[in-house]
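Colleague: Take this structure, written in structure tokens, and hold onto it; I'll ask about it next.
Read the figures in this text as sums done on the coordinates, not as results from a lab. Computed from a prediction, not measured in an experiment: that's the story for all the values here. A quick note on method: Cβ atoms are made from the backbone with ideal geometry, for glycine too, and the neighbour counts reach across all protein chains shown.
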Amino acid sequence: MQLDLSKINTSKILSARKVFFIGIGGIGISALARMALSRDMIVSGLNDEEDGKTLETLQEEGVKIIFKKDFKKLPDADLYVYSDAWDFRGPEIIEEAKKTCKPVLTYFEALGQFAKEYKVIAIAGTHGKTTTTAMIANILIDAGLDPTCIVGSFVKKFKSNFRGGNGEYLVAEADEYNRHFLNFHPFIAVVTNIEADHLDYYKDLADIQSAFDKFLSQSKNKITDYKKYLGKVPKLSVPGEHNRMNAAAALAVADILKIDKNKAMKSLAEFSGTWRRLEKKGATKEGTIVYDDYAHHPTEIKASLQALRELYPEKKVTVLFQPHLYSRTKALFDDFAKSFKDADQIFLLPIFFAREAKDESVSSEKLAVAIGGSAKSFPDSKSAEHFLKTLPLGRNDVFVTMGAGEASKIIDDVFTLIK
């Protein structure tokens, strides 16, 4: 259910002294927690998992984190912010927060309130949001505009998913799920693409398109087709046609902001990528090149595999994929089955459910059968690890983990990498 944003007291949100984040380890909400820290708010949070890149950096900054297994009582706070996943993982905790009569907002509702102090550049789209957001952030930084940035990944340039700036712009990733991006009224709105996804929430593609129409209607900029900038994209260090399209969108934003074209192109040429976006992790002593990728939609999988083929046309590509959500796997099952054509070996972990109950009608086992060929599924990560350690991978191989779940954790347990 959408909150009536007109009833939110923005000044009360922005003046909160103590903020408690429910699901603080999420890649987006952890960035907002850092934004709150930058405003000298006292930040604490709750999380179910006890490790991860986001938690480590927050704890290093002095944030007190309670883990779900140790949770006994909701701490007192002036503002409670929660991740969507906790509607499923801990709805009773959210209800307890609401009983305090203090403001209780989703991550995007809260970010929308913080964003009111800036000229917002909001990047939306079914694919490419994170990379495009990072590219735009880098261009604005290099142009001396000192933006504040919230990105759905760790950006190599500022080694975080959050950058606090003193400029007038906020560069932020805007998610279409649950119509979250409607919490923004952007100065510039970017739509990288629109495709069927999140069909656990949207009725169909037409419903998704209507949400994007609304998002664009809330923007202050005129519509421009970023494809016309494709011919101006410099040689990139990140591979794939999809990244050239992302760069074209970033150049369109730079043009609207009247940033020097040469500076923008130089920034893009030097862009080195983000965490978990076809990120090269290193190579084994045997010569196997290892990547980690967030791709969790059929179109993203195909784009990433095509990019790897572009880089390594003669090598054998092995994929370990973890489907993300029963609803997405079920709705796009046939598309998933056809998306691995550029891979030589396909291995599947169990579906990562995240924010929904188990659906026995769909599984990784069924998807492996539909993919056919050498595709193989595993009942758990331990059995996958044991099997992968027996694979004869060498200098003619590329290995990539894919998915929005936990597949990437297997890399450290299976491979000893030379970076």
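Colleague: Give the long-range amide H neighbours of Y291: residues separated by 5 or more places, or on another chain, with amide H under 5 Å away, using H modelled in the peptide plane at 1.01 Å from N.
Modeller: Here the answer is K281, F399, V400, T401, since their amide H atoms fall under 5 Å of that of Y291.
Colleague: Antiparallel DSSP bridges in region 279-418: what percent, to the nearest 5? Let's see the in-between values first.
Modeller: Details: 6 of 24 bridges.
Of the beta bridges lying entirely in region 279-418, close to 25 percent run antiparallel.
Colleague: How many nm separate the modelled label positions at L145 and I42, each set 7 Å beyond the Cα in the direction of the Cβ?
Modeller: It works out to 3.7 nm between the two label points.
Colleague: For the pair A357 and K12, what calculated FRET efficiency results from E = 1/(1 + (r/R0)^6), where r is the Cβ-Cβ distance and R0 = 41 Å, to the nearest 0.05?
Modeller: Plugging the Cβ-Cβ distance into 1/(1 + (r/R0)^6) gives 0.70.
Colleague: Here is a follow-up. In region 267-300, what trypsin sites (Lys or Arg not before Pro) fall in a loop by DSSP, with at most 12 other Cβ atoms inside 10 Å?
Modeller: Working: sites: R276, R277, K280, K281, K285; in loops: R276, R277, K285.
Those that pass, being in a loop and sparsely packed, are K285.
Colleague: Using the Karplus curve 6.51 cos²θ - 1.76 cosθ + 1.60 with θ = phi - 60°, work out ³J(HN,Hα) for each residue of region 396-413 in order, rounded to whole Hz, and write x for Gly and Pro.
Modeller: 9, 10, 10, 10, 9, 8, 9, x, 8, x, 10, 4, 4, 5, 5, 3, 5, 7
Colleague: In addition: What does the highest-first list of 24-35, 252-263 look like by mean Cβ count within 10 Å? If you can, show how the numbers build up before the last one.
Modeller: Working: 24-35: 24.7, 252-263: 16.1.
Those peptides, ordered most packed to least, come out 24-35, 252-263.
Colleague: Follow-up question, since we're still on this one. Using the Karplus equation 6.51 cos²θ - 1.76 cosθ + 1.60 (θ = phi - 60°), what ³J(HN,Hα) coupling, rounded to whole Hz, does each residue of region 41-47 give in order, writing x for Gly and Pro?
Modeller: 7, 8, 10, 9, x, 10, 8
Colleague: Which of the trypsin sites (Lys or Arg not before Pro) found in region 143-211 are loop residues per DSSP with 15 or fewer other Cβ atoms within 10 Å of their Cβ?
Modeller: Qualifying residues, ordered by number: K156, K159, K203.
Colleague: Still on this structure, please answer the following. If the label point is 7 Å along Cα→Cβ of D225, which residues in region 172-210 have backbone nitrogen under 19 Å from it?
Modeller: Under cut-off, by backbone N: 189-195.
Colleague: Go ahead and run the numbers for FRET between K214 and Y312, Cβ-Cβ distance against an R0 of 51 Å, rounding to 0.05. Show your work: numbers first, answer last.
Modeller: On the way: r = 42 Å, r/R0 = 0.82.
It comes out at approximately 0.75.
Colleague: Which cross-chain or sequence-distant (5 or more) residues have an amide H under 5 Å from the amide H of V191, H modelled 1.01 Å from N in plane?
Modeller: Correct list: A124.
Colleague: Okay, moving on. Mind checking which lysines have their C-alpha under 19 Å from K232, skipping anything on the same chain fewer than 8 residues away?
Modeller: K258, K261, K263, K266
Colleague: Taking mean projected area of the Cα convex hull in nm² as the quantity of interest, determine which of (1) 17.6; (2) 19.9; (3) 24.4 was computed from the displayed structure.
Modeller: So the calculated entry is the one marked (2).
Colleague: Under the 0.36 nm per residue contour assumption, what length would be gained going from the current alpha-carbon distance of K159 and I256 to full extension? Write out the running numbers ahead of the final one.
Modeller: Working: separation 97, 0.36 × 97 = 34.92 nm, distance 2.69 nm.
So the chain would gain 32.2 nm between K159 and I256.
Colleague: Placing +1 on the Cβ of each Lys and Arg and -1 on the Cβ of each Asp and Glu in the chain, which of V290, F184, V233 has its Cα farthest towards the positive end of the resulting dipole?
Modeller: Of V290, F184, V233, it is V233.
Colleague: Using 7 Å Cα-to-Cβ label points, what is the F71/D413 separation (nm, one decimal)?
Modeller: 2.4 nm
Colleague: Pick from E300, E92, E109: which is most flexible by mean-square fluctuation in a GNM of the chain where alpha carbon atoms under 10 Å apart are linked?
Modeller: Of E300, E92, E109, the most mobile in the Gaussian network model is E92.
Colleague: Could you list, in their original order, any pairs among K116/K222; K53/K203; K228/K302; K235/K330; K99/K220 whose Cα atoms are separated by more than 28 Å?
Modeller: K53/K203; K235/K330; K99/K220
Colleague: Using the beta-carbon distance between D200 and K376 and R0 = 22 Å, what value does 1/(1 + (r/R0)^6) give for FRET efficiency, to the nearest 0.05?
Modeller: Rounded to the nearest 0.05, the efficiency is 0.20.
Colleague: Further question on the same structure: Based on the Kirkwood radius over alpha-carbon pairs, what is the Stokes-Einstein translational diffusion coefficient of region 279-418 at 20 °C with 1.002 mPa s viscosity, in µm²/s?
Modeller: 143 µm²/s
Colleague: What is the fewest-to-most order of V81, V155 by other Cβ atoms lying within 10 Å of their Cβ?
Modeller: V155, V81
Colleague: OK, next. Could you list which residues have their amide H under 5 Å from that of V120, counting only those 5 or more apart in sequence or on another chain, with H placed in the peptide plane?
Modeller: L170, F187, I188
Colleague: Scan the chain and note any complete DSSP helix (H) whose C-alpha atoms cover at least 15 Å along its axis and whose Kyte-Doolittle average is -1.0 or more.
Modeller: Numbers: long enough: 27-38 (17 Å, 1.45); 129-142 (20 Å, 0.65); 205-217 (18 Å, 0.41); 241-256 (23 Å, 0.22); 298-311 (20 Å, -0.18).
Correct list, ordered by number: 27-38, 129-142, 205-217, 241-256, 298-311.
Colleague: Enumerate the calculated ³J(HN,Hα) couplings along region 315-326 in order (Karplus 6.51 cos²θ - 1.76 cosθ + 1.60, θ = phi - 60°), each rounded to whole Hz, writing x wherever the residue is Gly or Pro.
Modeller: The phi angles translate into 8, 8, 9, 10, 10, 10, 10, 10, x, 10, 5, 5 Hz.
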